[in-house]
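J.: Below is one structure. I have some questions about it.
The values are calculated or read from the model by the stated rules, or taken from the named source; none is laboratory data. Computed from a predicted structure; not experimentally measured. Cβ coordinates were reconstructed from backbone atoms using ideal geometry, including for glycine residues, and neighbour counts include every protein chain displayed. Please note that ligands, DNA and RNA were not included when accessible areas were found on the heavy atoms of the full protein model with its side chains. Shrake-Rupley method; radii C 1.70, N 1.55, O 1.52, S 1.80 Å.
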Amino acid sequence: MPAPRAQEAVTVSVFAQRFSATRRGARLARRLATHRMHLWGVPYGSPGSDTVTVVVAELAANAFLHGRVPGRDFELRLRYDRVEGVVRVEVSDTHPGRPELPDPLPEAAYAEDGRGLRLVQAVATRWGVAARTGPGKTVWAECVLG
């Protein structure tokens, strides 16, 4: 009988969930992301948890406000690499429009909208937009934890 092989430790955790493209869906995505981070050992209220929560909140709100297609959901995917200490947040929707940063003009700071991606840019290590299988796009951001 062969000797059992040692199993490698799991160092990457993934969470994926679809949500209705509504305010309620965006709020639920934020709350579940915070809870998932806690389950992965990143406590509520810690800088890492707060950063991921802000990114999820902004990207989920954008999926609802700007990426909504009637009858279609948006998807949240979190990928936590414990070795690298990086959480990748991906929010996919079915709208073909790609997000753009608002103008950096001072008066843009007082606009009613357009600040969400600036906030993501400020707290995430990097972010971008990628094509996805099927219609739409995936907006992603990576956050380095402490």
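J.: Report the FRET efficiency, 1/(1 + (r/R0)^6), for VAL86 and ALA3, where r is their Cβ-Cβ distance and R0 is 30 Å, rounded to 0.05. Before the final figure, lay out the partial values.
T.: Numbers: r = 35 Å, r/R0 = 1.17.
According to the calculation, E is roughly 0.30.
J.: For the chain, with only Lys/Arg (+1) and Asp/Glu (-1) charged at the beta-carbon, what is the dipole magnitude about the Cα centre, in debye rounded to 20? Display every interim value, and only then the final one.
T.: Working: 20 positive and 15 negative charges, 109 e Å.
So the magnitude is around 520 debye.
J.: For a quick check of understanding: with a 1.4 angstrom probe and all protein chains in place, what accessible area in square angstrom does THR133 have, to the nearest ten?
T.: Its accessible surface works out to 140 Å², give or take rounding.
J.: Given GLY116, GLY45, LEU32, which one lies farthest toward the positive end of the charge dipole of the chain, if we put +1 on the Cβ of every Lys and Arg and -1 on the Cβ of every Asp and Glu?
T.: Projecting each Cα onto the dipole axis, the largest value belongs to LEU32.
J.: If the viscosity is 1.002 mPa s and the temperature 20 °C, what Stokes-Einstein diffusion coefficient in µm²/s follows for the chain when Rh is the Kirkwood radius over Cα pairs? All intermediate terms of the calculation are to be shown ahead of the outcome.
T.: Working: Rh = 16.1 Å.
D, rounded to a whole number, is 133 µm²/s.
J.: I'd like the orientation of helix 23-39 relative to the chain: the angle between its Cα long axis and the longest Cα principal axis, in ° from 0 to 90, rounded to 10.
T.: 30
J.: Keeping all protein chains in the complex and leaving out DNA, RNA and ligands, what accessible area do you get for TRP140 with a 1.4 Å probe, in Å² to the nearest 10?
T.: That residue has around 30 Å² of solvent-accessible surface.
J.: Something else now. Note down the accessible area of LEU76, probe 1.4 Å, to the nearest 10 Å².
T.: 0
J.: With every protein chain present, what is the per residue accessible area of the chain (1.4 Å probe, Å²)?
T.: Numbers: 9150 Å² over 146 residues.
Here the per-residue accessible area is 63 Å².
J.: Want the number for GLU100 to VAL12: 0.36 nm per residue separation, take away the alpha-carbon distance, what's left? List each step's numbers first, then the result.
T.: Numbers: separation 88, 0.36 × 88 = 31.68 nm, distance 3.02 nm.
Extra length from GLU100 to VAL12 when fully extended: 28.7 nm.
J.: Next question, about the same structure. For helix 47-65, report the angle its Cα long axis makes with the longest principal axis of the Cα atoms of the chain; keep it between 0 and 90° and round to the nearest 10°.
T.: 50
J.: Taking the dipole about the Cα centre of the chain, with the C-beta of Lys and Arg at +1 and of Asp and Glu at -1, give me whichever of ALA61, ALA3, ALA130 is farthest to the positive side.
T.: Toward the positive end, the furthest listed residue is ALA3.
J.: Here's something else I'd like to know. Roll a 1.4 angstrom probe over the protein heavy atoms and tell me the percent of accessible area of the chain that is carbon or sulfur.
T.: 52
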